Every structure is written in C-alpha cells, then in structure tokens.
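The values are calculated or read from the model by the stated rules, or taken from the named source; none is laboratory data. Because the structure is a prediction, the values reported are computed rather than measured. Cβ sites come from the backbone with ideal geometry, for glycine too, and all protein chains shown count toward neighbours. The area values use the complete protein model at the heavy-atom level, side chains included, leaving out ligands, DNA and RNA. Shrake-Rupley method; radii C 1.70, N 1.55, O 1.52, S 1.80 Å.
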Amino acid sequence: MAYTEEELKKELETKEYEYGFYTDIESDTFPKGLSEDIVRAISKKKNEPEWMTEWRLEAFRGWEKMEEPEWANVHYEKPDFQAISYYSAPKAADPNKSLEDVDPDLLEMYRKLGISVDEQKKLQNVAVDIVVDSVSVATTFKKTLAEKGIIFMPISEAIQEHPELVKKYMGTVVPTTDNFYAALNSAVFTDGSFCYIPKGVKCPMELSTYFRINEGGTGQFERTLVIADEGSYVSYLEGCTAPSRDENQLHAAVVELIALDDAEIKYSTVQNWFPGNKEGKGGVYNFVTKRGLCETNSKISWTQVETGSAVTWKYPSCILKGNNSVGEFYSIAVTNNFQQADTGTKMIHLGKNTKSTIISKGISAGKSQNSYRGLVQIGSRAENARNFSQCDSLLMGNECGAHTFPYIEAKNRTAQIEHEATTSKIGEDQIFYCNQRGIDTEKAIALIVNGFSKEVLNKLPMEFAVEAQKLLEISLEGSVG
Amino acid sequence: MLEIKDLHASIEDKKILNGINLKVNAGEVHAIMGPNGSGKSTLASVIAGKEEFEIKKGSLALDGENLEDLDPEERAHKGIFLSFQYPVEIPGVSVTNFMKTAINASRKARGLEDMPANQMLKLIREKSEMLEIDRKFLSRSLNEGFSGGEKKRNEIFQMAMLEPKLAILDETDSGLDIDALRIVANGVNKLRGKDNAIIVITHYQRLLEYIVPDFVHVLHDGKIVKSGSKELALELEEKGYDWIKQEAIV
Ligand SMILES: Nc1ncnc2c1ncn2[C@@H]1O[C@H](COP(=O)(O)OP(=O)(O)OP(=O)(O)O)[C@@H](O)[C@H]1O
Ligand SMILES: [Mg+2]
C-alpha cells in the first residue's frame, strides 16, 4: 500500500490539475450580471456539450419570468441579481497570505472545533503543505470506490464522462423551473458533486465532499445529483462543521436524490455558513432546493444540522412515488443573534403504504426567528399512507421567536397523520440545577440543547454527530447574559 | 465549616429570611424544621447561590471564605451540594451523562483531568449499588418521568457521586417509601465523617431516626426561633409548631 515519494508527488500534481488549481487563469471572473450570453459563456467555459447549454438556457428563460418568492417568514434585502458575477475560476492559494491575516475570532472557533492547522489553512485559502495523510486517505478512498463501480466526482466532470446518466436524471426531481432559486441554479451552476451507486452495491464508506481535496470551498450555485440504483445503499455527508466565511452573499444550491427500487440514501448535512455578526451585519443567504425521489420499497433520509447563514430557506423533501417507500426528515436548526431560518420539509405520498417521519428541533436564541414549515401531502391513490411529525422548539430568552407552520393535504381517507408540537424554554431552574452540580451556565445550556436535539443527533453518522454537538455549543455561546 | 451571620434575604422586595444565625462545624449533622413557607428552602437556595434571592444584610462563609461573591457552580466546586426539594427534569440528558459532566466540571475547577472512563464506571457501579438503583435508570433522561421517590433517590445518588463537603438535603424524605427511606438514609450516613457536614431539612421525625442529628433548629418567619438537641424534633412531632410560634411572639 505504501506509495513512493515519486508516486505521491505525481498523484498530487494530477489532483491539482484535475481540480483546476493551476490551470490557466485567463479570464477568471466574468463581468457582473446575468444574460443568455453569460449562461452560454459559463457552459462554454466548462466545455459542455450542446444539450447541457440548451438545458441551462431553458432554465434561464424560465427564471427570467419568475419572481423571487415572498411567502417565507424571513425578511432581508433582496439580492441584486445583476450585481453578481456568475463565474469565477477557483482561487489559487495566495502565497502571501498566512494564518495571521485571518480573523482571530474565526481561528478561535476553528481551535474549539479541533480543526487542524492544515485544514484551517485550506479553509482560509492559505497555501497548505503536503499532507501525506490526507492524500493517502483520498487515494485509498478513490480506489475502494472504483472497485465497487461507484462514481463520485465533480458534476462538471460527470457531464463530460457520464453524460448519459446526467442527462437521464438531472432535473427530473427538481425541474429547471421548479422555483426561482432552482431555476437560477440550473442556469448558472458551476460546481457540485455527482454520485452513482450501481445496482446492489452498498457503498462501504460515508461519501463526503471533504475527500475531494482542494475543493474545500463550496460554490455559490452548487448542484448535487445522487443516484442510488436498485438495491443499493449510500450515506452522503455534505458540508463541514468548520465555519465558512464567504464573500458570496447568496447561495442557491440544488440537490437531487434518486432512490430506485429497494435503494436507500442517507443524506446528512451540517451547514455552518457565516451567520452575520452580533449586530446582524453580513452573513450568507442560503436558499436551497433539496428533493429526493423514492421508487418502490426505497428510502430516503434527510438529516440536517443548520447553525449558520443569516437567512436560511430550505425544505429537503421526499416524493414517495413508489409503493412502500419511506421518507424521513430529521432536523436541528439553531438561530442566534439576528439569524432567520425558515426550514422544514415536504413529504409527498403518492404510492401505497408509504411512510414518512418528520422530527424537527428548532432552537432560537438572541433576537432570531426560527420557523418550521412542513407539508404532508397524501395523494388520492396513496392507500394506507402514514406520517408522523414532531416539531419541538426551544427558546432561550424573550426576544427570539419560534413558529410552526404545518400544512396537511390528504386526498385519501385511509391516511394516518399524526402531528405533535411542543415549545419549551430553557428555565432558570434547569440552569440553576446544573450550576449547583458544578456545571457553568454555558456548559449547562450546551447540555440542555444537546439533550433536546438528541433524537436528531443520533441519526448522524458517529464522527459527524460529535462535531455537530460541539458546533451547537459554539453557535449558542454568549446567548445568555 | 459553614457560618451564617444575621442573614437577611429577599426576593422582589419580599423579605424571606430575617436574620439567620447558623454555625455548622465539620462532622456535624444539623436538622432544620419549621412550618411551610417559613424559609427553609430559601435558606438552602441562598447557601447554594441562587441569584434570584438578594442578600440584604449579613454574611455567609464556608471555611472562612465569604460565599457571596461566588457563583453557584463555584460554590459547588468548593463542595456544597443541594438535594433539591423539587428536582428539575432535563429531557434527553441521561443521569450518567449528567453526572459525568458534573464530576468533570468540578475536577476541571480543581485543575484535574477528566475522570478516566473506567474509574467513572466503577464509581457509578459502586454508588448505584449502595442506593439500590437499577442500572436502566441511569440511562434514562434526568428526572424525566421519574416518580417523586425516584427523583429523591436520584438526588442522593448524585450526592454520593460528588462526595460533597457540605450537603443540604431539602425534604429528601418526602415521597420516599419506607424501604427507600432506609436505603437513602443509609447512603447519607455513609457520607458522614469528620470532614463533612450535613444539613437536613425535614418535616418528619422519622428521617431523623435514621440520620441522627447533633442539632435541631426551628425556622419560623425566616428566623431560627429555637435550637436544641435531637429531642426537640420529638417534641415538635408531638406538639406541633404552635407553642414555638407563641414563644417567638413573646
Ligand atoms: N421565587 C419566589 N417568589 C416569591 N416568593 C417566594 C419565592 N420563593 C419563595 N417564596 C416565598 O418565600 C417563602 C418561603 O418559601 P420556602 O420555599 O423557603 O419555604 P419552606 O420553608 O421551604 O416551605 P416548605 O416546607 O413548604 O417547603 C414562602 O412564603 C414562599 O412563597
Ligand atoms: Mg421547602
């Protein structure tokens, strides 16, 4: 298994090339604004086939006719879509930049999360020395996947190498004109991941973008497509607990999952975009469309821990098309200071005996607003569909808000739908009790919050859960006076 | 060990403690009795450092150190333990996890490393056996859905785990069945030693048959109006509080 120095170097070189680190940067940033020409230029830049260009253009034309939605319980200044530059080449590490140039608060947070110095550098686009460990991990990883026939690569590569798969599935779950942000994404996306698990294959490890070296920075318009062929299984991890500070204020990703007959997809997200400062300045707007399609006997689980962003608008959903298919949504959404989150899920029951579970835990602190918005829809042919929803809110202090908007549309009488909701406050008595046992207030809150979120934390893959716990703690630091 | 002098405390301008004097030496057990609403739990909370209560006058000190400027957790680190009259529930946090967090917080305050897992397990095993606590219990959420008696036993389990210098038991006996009372009292007695002190707040003589006090005090209207030996508790059981209230007025 050991690599020679030479092989290692080579491997690294090709990686750097692969991910465009040292490619020619002739025009690294497009002029601001969006038009058909810009869409064409993006497609050309990516060397895309004609059908892809057409697909983007169709999305763009749809988008032009659409209005930015206003129904969510969030208030923000609408981005000027003509003031954004829609293509910029991956940034090379700045050789003159060192960790000393990075915001000390951010570094402190990295330290608390236990992120290594090399990773810190990578996150801040500081040049990294060769980390032999992670290189060999990535290499072994790639090899194992290849042996199983699993495809896991940047979506732009997949468009070149597996056009038949991309063409067949992309846009089938989230149509190009599904909504304003999805349409925008379809027109201009430049990066993201593609994953295909062949028939009957159980992916032996958690797939994580983390392993795609030098692709630490997530794009503004990310596009992810995961296809689990019949009888296969995959667990996919998105995001990273490390706080990402990004100059791009608007993020509009699209994620499509396709679980064919008897397949299972577990999709876990930890989202920690910059939430803005204590005064509510800055921060990322995160408008995401995530949806999964379940064929017969298949299962899709969404698990998310949302602590970042100034404004979050996100509803991972399942279309339970096949009979006996199962959809799950487990969510923890934390808002602090001036953050606003409107998040939840949609469970669309179309097949017979379909089942869905929704567990949502909202934690609000500071002056934040946290809304759960969920739709459970039972189609007329969905005999014996079942849903269980539980939405719990935990409030800290008197200035924050928690809201629950559950919508139920049942067109079949055999449906069984249960909805439970609770709202609680972290009590002075609970904190005093912990204090009395020697636990300080900050730790006490972490303990109570972790207890509150436990059902969801338990759904995360082990190492992710530990990080997520730490993240919850840090996100709520200083939230009590 | 504990020295309280002319302590006055109020909440929202309502006076509750009106000049408490109490001295508890290491090795002693003090019982505090008194009618409902006389201020027993308030006194316990003030010693533990609950911030809602404002100290208007007087002082309280542990081993000569003024407690007033210490946060509740700092007092806990110094060895003060309060078994609550009404223990609170913390959903999703297991008894074990809670204890682990508490013990390690105190250790950290003393500059010690986290307790190694095997040592923690051993301690948990030992103390839960002593208090005849079912293991399954320890993985349940703290106090959530516990019966009244279970909550009290759990408080004493925590006390046993933390081995405090000064333990204040606020009506730990109420809610316990006869067997549980014996088991819990037994657990408390194990803590007794020349370096520890215990304050037992109770309404009933029964507990004091098991945990024999060196002194008994009667609290009335936020003041200790009578102190005596263990026989005083018997007398109260027999005659009630009226005669003491009378005496207090005179
Ligand atoms: N948070 C509070 N706000 C207002 N009044 C309070 C508060 N806490 C206690 N009191 C009042 O202080 C007085 C003493 O209460 P405390 O709980 O100390 O009594 P106690 O002696 O422990 O009674 P019991 O035997 O019923 O437990 C009572 O009149 C009570 O109503
Ligand atoms: Mg009381």
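Per-structure values
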| quantity | calculated |
| --- | --- |
| Unique match (being among the β-branched types (Val, Ile, Thr), over 21 Å from residue B:227 (Cα atoms) and modelled with pLDDT of 95 or more) among B:55, B:103, B:11 | B:103 |
| Filtered residues of the range A:266-289 (kept if open to solvent by less than 40 Å² (accessible area, probe 1.4 Å) and touching a helix residue (DSSP H, G or I) at 6+ places or on another chain (Cβ under 9 Å)) | A:268, A:270, A:272, A:287, A:288, A:289 |
| Cβ-Cβ under 6 Å pairs, at least 6 apart or on other chains, the range A:170-195 side over 18 Å from residue A:84 (Cβ atoms), far side hydroxyl-bearing (Ser, Thr, Tyr) and assigned to a helix (DSSP H, G or I) | A:176/A:186; A:193/A:209 |
| Residue among B:207, B:219, B:181, B:191 that alone is without any contact (Cβ under 8 Å) to a residue 60 or more places away in the chain, open to solvent by less than 40 Å² (accessible area, probe 1.4 Å), under 19 Å from residue B:168 (Cα atoms) and within 16 Å of ligand 2 (Cβ to nearest atom) | B:207 |
| Output for the range B:194-204, where each listed residue is away from ligand 2 (no atom under 16 Å from the Cβ) and surrounded by fewer than 23 Cβ atoms within 10 Å (Cβ to Cβ) | B:194, B:195, B:196 |
| Helices (runs of 4 or more DSSP H) completely within the range A:149-196 that count 3 or more residues being open to solvent by less than 20 Å² (accessible area, probe 1.4 Å) | A:155-161, A:180-188 |
| Subset of the range B:182-216 that is hydrophobic (A, V, I, L, M, F, W, C) and either under 21 Å from residue B:238 (Cα atoms) or within 14 Å of chain A (Cβ to nearest Cβ) (or both) - its residue that is nearest to ligand 1 (Cβ to nearest atom) | B:201 |
| Condition met for residue A:409 (surrounded by fewer than 16 Cβ atoms within 10 Å (Cβ to Cβ) and away from chain B (no Cβ under 14 Å)) | yes |
| Residue check for residue A:123: in contact with an Asp or Glu (Cβ under 8 Å, 6 or more places away or on another chain) and modelled with pLDDT under 75 | no |
| Top-ranked residue of the range B:1-29 - restricted to ones that are under 29 Å from residue B:238 (Cβ atoms) and within 13 Å of ligand 1 (Cβ to nearest atom), ranked as surrounded by the most Cβ atoms within 10 Å (Cβ to Cβ) | B:17 |
| Selection within the range B:51-84 - aromatic (Phe, Trp, Tyr) and within 9 Å of another protein chain (Cβ to nearest Cβ) | B:81, B:84 |
| Neighbours by Cβ (under 6 Å, 6+ apart or cross-chain): first from the range B:96-116, among the small types (Gly, Ala, Ser); second open to solvent by less than 60 Å² (accessible area, probe 1.4 Å) and modelled with pLDDT of 95 or more | B:102/A:437; B:102/A:438; B:102/A:439; B:105/A:438; B:105/A:439; B:106/A:438; B:106/B:77; B:109/B:77 |
| Qualifying residue in the range B:42-50 (condition: away from chain A (no Cβ under 14 Å) and within 16 Å of ligand 2 (Cβ to nearest atom)) | yes |
| Qualifying residue in the range B:111-123 (condition: modelled with pLDDT of 90 or more, within 13 Å of another protein chain (Cβ to nearest Cβ), more than 25 Å from residue A:454 (Cα to Cα) and surrounded by fewer than 16 Cβ atoms within 10 Å (Cβ to Cβ)) | yes |
| Checking residue B:23 against (1) within 16 Å of ligand 2 (Cβ to nearest atom); (2) modelled with pLDDT of 95 or more; (3) in contact with a strand residue (DSSP E or B) (Cβ under 6 Å, 6 or more places away or on another chain), the condition it does not meet | (1) |
| Matching residues in the range B:11-41 - criterion: being away from chain A (no Cβ under 14 Å), part of a strand (DSSP E or B) and within 21 Å of residue B:86 (Cβ to Cβ) | B:14, B:16, B:17, B:31, B:32, B:33 |
| Residue check for residue A:391: closer than 30 Å to residue A:285 by Cα, crowded, with 17+ Cβ neighbours inside 10 Å and modelled with pLDDT of 90 or more | yes |
| Condition met for residue A:215 (touching a strand residue (DSSP E or B) at 6+ places or on another chain (Cβ under 8 Å) and modelled with pLDDT under 55) | yes |
| Number of the exception - residue B:32 against (1) open to solvent by less than 40 Å² (accessible area, probe 1.4 Å); (2) touching a Lys or Arg at 6+ places or on another chain (Cβ under 7 Å); (3) in contact (Cβ under 8 Å) with a residue 60 or more places away in the chain; (4) away from ligand 2 (no atom under 15 Å from the Cβ) | (4) |
| The listed residue being within 27 Å of residue B:142 (Cα to Cα), of a type in the set (Lys, Arg) and open to solvent by less than 50 Å² (accessible area, probe 1.4 Å), out of B:40, B:100, B:108 | B:40 |
| Tally, over the range B:37-70, of residues that are within 16 Å of ligand 1 (Cβ to nearest atom) and out of contact with any Pro (no Cβ under 8 Å at 6 or more places or on another chain) | 17 |
| The range B:163-178, residues that are within 16 Å of ligand 2 (Cβ to nearest atom), without any contact (Cβ under 8 Å) to a residue 40 or more places away in the chain and either within 14 Å of chain A (Cβ to nearest Cβ) or closer than 19 Å to residue B:230 by Cβ (or both) | B:173 |
